[in-house]
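Below: one structure, written as structure tokens.
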Amino acid sequence: MDRRETAALLAYLARLDARLIRTDHGEVCDQLDQWHELLAEVPLATPHGWDACAVALQHVRLSPYPILPADICRPWERYRRERLTRHVDPTPSVDPDDQAAWRAELVGTRRAVAAGTAPPVPYRQLASRHQETAASRIPAEARALLAPWRRARAAHEASVARGEPDALSVPCGECGAPVGRLCRLRRISPGIFPRGNTPMAAPHACRLDLAAQQAPDQEQRQPALT
């Protein structure tokens, strides 16, 4: 912030905390010089969430001690670090053979993000798991060739293709199969220990009922996901 912004910040703080008020002209100039030297690299406000006045107000509300320039500098440094950790360097628009221009654009983008004048560029998100289906992960030709060796999965894909509720979109309350996994036929020994865990060609009835109940909710959420 420049000298006028520092003076405006001090005037605002003096209204909140009378302990910062200076009446002697020399003390006022010394106070302004000190705060401006310590806050010269800290902006008064940015378009992306930073406001020194809001930080100062929060300190005055919560702390019994008079505010110092460090009480504004520390939150500013946390703000910069947090933005840089969320930033991924986008590909510069200049010629990649021009290393100087390439490096200059990367550095300029990082400085703009750290200064709060530009938003951080996040990682590209993967497609939502709700948008993925069992039939979309393997090409149709490969599914047809694998169908004899994966009868249970093929039966599920065929039911989804017919428009039936996707049973694998919900967990099974009978065998405990999680979302995306086939139901299991569990045989229990006399000692109450499972002896088998064979995949079932058809899901349990309770799982089908639950999928049918949640199908309208999934259809309502689909426009938001896409």
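Every number in this text was worked out from the coordinates using simple rules, so none of it is lab data. This structure is a prediction, so every number in the text was calculated from the model and none was measured. When we count neighbours, we look across all protein chains shown, and the Cβ atoms used for this are built from the backbone with ideal geometry, even at glycine.
Charging the Cβ of each Asp and Glu at -1 and of each Lys and Arg at +1, and nothing else, the dipole of region 3-85 about its Cα centre rounds to 340 debye. The alpha carbon convex hull volume per residue for region 3-85 rounds to 91 Å³.
Treating each Cα of region 50-96 as an identical point scatterer and summing with the Debye formula, the log10 of I(q)/I(0) at q = 0.23 Å⁻¹ comes to -0.83.
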